[in-house]
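Derivation of every value follows stated rules applied to the coordinates shown; laboratory data play no part. Computed from a predicted model, the values in this text were never measured in an experiment. Glycine also receives a Cβ, built like all others from the backbone with ideal geometry; neighbour counts cover every protein chain displayed.
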């Protein structure tokens, strides 16, 4: 294989991921010319400001550059083989990926689920098709997982806690007016279990468990790396002794595409908000979130503005971890 | 204070502004590496082509780079503290400003009024909230004032006239089919009075006077810097002996948000167009405008294409004055 | 004349075009600083991902930079002189072109026909107005011709075939669900005839002949450069002995603006698809297309995935030919 992709941390070993995290710590706040002359294409099928800025700066700070392509609504691609292309797609991903590969050195893609059929969305077909046909590395800027956010989270936890193994990590569902993508929740589960943390997934009902692919991976990582995976629907039990509380809202998969039916359950669990009372149960725990974050819906101002809130550090760490990923994939070492 | 913003020229002394203008003259047409490795975020809540291009080039010509963020419709931010964020805003400016500050060295913002309630719009809350929470300098790319346009105007006047003190500057309202932002009019008033010009504000009726904040500031600057402020509703009187005629259309503040009621007054004053007959009354006066400019609505072709028309020079000067602002704020001196 | 434009290959001699093609071959895959400090404005009145990326990279790979301006819907410009601008256009191209010329070193424009009146569209007024008023070179990124695509095509043919003179070039209309721009068809006709190829234009009926401007130019180029121009409505005849088959769909000009009337003719000619049976009639011919390309509508998978298919090479050659055009226009030699 002449190139490697960064589609999911599941494809990378713990040691390799730690290598990226160590590289991020070294690259943080520094400028070099390691990617001089390199170009990244950043393809956004969904809007972004934070990811876009941090990826663009990650190239610039290493002497490279980025081309931002807003593909939402303008670039419907066919991804199945053998199709008679008489629909809306004007181009096949075979052509798109191969041509872009001749212009740039890495292709980064954001493509959220379409939110109609999870059995389709869970295959993550667009980015996988790009990875198959591109002749340069492909990087995931959030699809049904968000591996760069995972690295930023873990970089932050290692900065604050040092060794994270056996530390208690609580991934808590929180209320949000709309059903959201499970990507960051899937990712939080993957990275915390892969680094041997004692992971608790706190959610309102069993219907809010994540896709079995990620539940099973987390169980396996727990065994392999010496941590554990616990499911809880009781906030008091879950928060008890937590070292880290990570908040995220997501739509329950059994209700995928028929969100009105989920609404009553969602509405009944607004008390899952992260507040001072719950945080008092923790082991002086850190609080984080991937942003954007609705204040006083997902977390109270008191917690968000406390010294233990590390979401700004996590967001800031997006830049160095992405620098490390790009440097590693583009061979700039 | 570890950093300074450029939100309004009202916050900068005449001597400081002259320093920016002198710096602009030196930077004009030259390329250097004074901002090497520096990144600007350009956030547009309203579309722009001229401002966007000139800011991006202002960074590039000093060895830096710019990330353009189209925020219109995609990034509604909460700016009030303590709010339960159950509306359309997914993110609070506290997070947005702090996170962006970790990625870039300066944040530049365009955010026009919402045109519904001037008592709200006149507080200029979005850019002021960014300035409060950002840990890097914030630059105004036009909100309810347009300070970069002011500098470009004054740079042009000094190029053409030398010392501008006591020169007669006429800011004339002109017809436009739609009610427009008062930002450039407010700004023209501020900068001309701050440099001691004899300023005449020409408008159809007293209802077209600008917000008292800017009227009062202009009166005070007139006293402080040896100029004067005159209000006129009579074109012949106003143009008489003018050294500079600066045209702009704006909506009358008493009709803010109920523009249909203003329309008859507006429609009755189409003769405020800048034409050769009026310009013949001036002291061989210069004509300028901030662009875009509807020909034969705001100004006749004959005036626009005359040697005394300097709006292209003013637009061109956007680049060097913005280079000077960015260089000064980013400590590249 | 202090600057030269690249609006159509019709304005450039064969020798000059060959110079651009030779320069492209030298620049391909290399990075230099020949355009250090130069800035291009890329103005898109129609969306683009391939052209946008390849132009941006063409500047970056020569040490310059590009500013991308999405003008679709946001920048309606007046192009006629003397107009009372009381319509939708806020700005005249006189101002737009002159101001941009002070910020950047070259202005590149994509502006497709409006598809309502070919007598208007065929005048290509917007880019011609920019060329008239700009004080820097203007480059065509596709209007009613697509000269950069022409160069990429010819670069690819010379790479594969060496001398192309007297080689048989078949430009075949193919079915597409929508009536498309004739730009690439016009361009294929111009460049193939200008390099002395034996050109066959294959289309369903005489109504699909291209504008007389391009038909006449091709006839004249055929005489001047030793090639020929043949019109055919019979695929078997046209494909016979072809060295190159170039596919493109376009709307028939007599039906311009009343496309529903064209639909039955279009629908009746879906068999114009490029398939293995037709390609078997050729002289082991190459197949190409400008992309995007609907598979199994315009060309079968079997042909598209055959070794004789060169559309990826043609797309890849967009980058070096554009580098050559920009370098030549900006005097970076």
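Over the Cα atoms of region B:99-238, the radius of gyration divided by the Kirkwood radius equals 1.01; this is the Rg/Rh ratio.
Against chain A, whose longest principal axis comes from its Cα atoms, helix A:311-329 is set at around 30 degrees.
Per-residue Cβ neighbour counts within 10 Å put C:265, C:144 in the sequence C:265, C:144, beginning with the fewest. Using just its DSSP H runs of length 4 or more, each adding -39500 (n - 2.57), chain A gives a mean residue ellipticity at 222 nm of -11000 deg cm²/dmol after division by all residues. Computed from Cα atoms, the angle from the helix A:93-103 axis to the main principal axis of chain A rounds to 80 degrees. With the largest listed first and rounded to whole Å, the semi-axes of the equivalent ellipsoid of region A:1-80 from the Cα gyration tensor are 25, 19, 13.
Position residue C:28: other-copy label points at 4.6, 4.6 nm, ordered by increasing distance, label point 7 Å along Cα→C-beta. Hydrodynamic analysis of region B:111-152 uses the Kirkwood radius over alpha carbon pairs. Inserted into Stokes-Einstein at 37 °C and 0.692 mPa s, it gives a translational diffusion coefficient of 295 µm²/s. Per-residue packing, averaged as other Cβ atoms within 10 Å, sorts the ranges C:288-297, A:118-127 into the order C:288-297, A:118-127, beginning with the highest.
In terms of other Cβ atoms within 10 Å, B:174, C:102 run from fewest to most in the order C:102, B:174.
Label-to-label distances across copies for residue B:82, with labels 7 Å out along Cα→Cβ, in nm, shortest first? Relative to the other copies, residue B:82 has label-point distances of 6.5, 6.5 nm.
Counting other Cβ atoms within 10 Å as a rough exposure proxy, the listed residues B:200, C:328, A:216 run A:216, C:328, B:200 from fewest neighbours to most.
Each listed q (0.12 Å⁻¹) maps to a log10 I(q)/I(0) for region B:149-315 from the Debye sum over equal C-alpha point scatterers, namely -0.46. Projected over all directions and averaged, the alpha-carbon convex hull of region C:252-327 occupies 7.4 nm².
Note on B:312-321: average number of Cβ atoms from other chains within 10 Å of each residue's Cβ is 3. When only Cα pairs under 8 Å and 6 or more residues apart are kept, what is the percent relative contact order across region B:22-121? Worked out over region B:22-121, it gives 32 percent. Does chain C come out rounded, prolate or oblate by the C-alpha gyration tensor, with a ≥ b ≥ c the root eigenvalues, rounded set by a/c under 1.5 and, if not, prolate when a/b is larger than b/c and oblate if not? It is oblate, given that a/c is not under 1.5 and a/b is not larger than b/c.
Can you bin region B:168-219 into rounded, prolate or oblate? Criterion: square roots of the alpha carbon gyration tensor eigenvalues sorted a ≥ b ≥ c, rounded for a/c under 1.5, prolate for a/b above b/c, oblate for the rest. Judged from the Cα gyration tensor, region B:168-219 comes out prolate (a/c at least 1.5, a/b above b/c). Using the alpha-carbon positions of the protein assembly as shown, Rg (one decimal) and Dmax (whole number) come out as 30.7, 89 Å. Relative to the longest principal axis of the Cα atoms of chain B, helix B:50-60 runs at roughly 50 degrees.
Per residue of peptide C:295-304, the mean number of Cβ atoms on other chains within 10 Å of the residue Cβ is 3. For chain A, the relative contact order is 20 percent, taking Cα pairs closer than 8 Å that sit 6 or more residues apart in sequence and dividing their mean separation by the residue count.
Mean per-residue shielding of peptide C:173-181 is 1, counting Cβ atoms of other chains within 10 Å of each Cβ.
As an equivalent ellipsoid, region A:180-279 spans semi-axes of 23, 18, 10 angstrom, where each value is the square root of five times an eigenvalue of the C-alpha gyration tensor, largest first. Here the contact order of region A:148-315, divided by its residue count and restricted to Cα pairs under 8 Å and six or more residues apart, works out to 27 percent.
Shown for residue B:180: label points 7 Å from Cα along the beta-carbon vector, and their distances to the equivalent points in the other copies, 4.1, 4.1 nm in ascending order.
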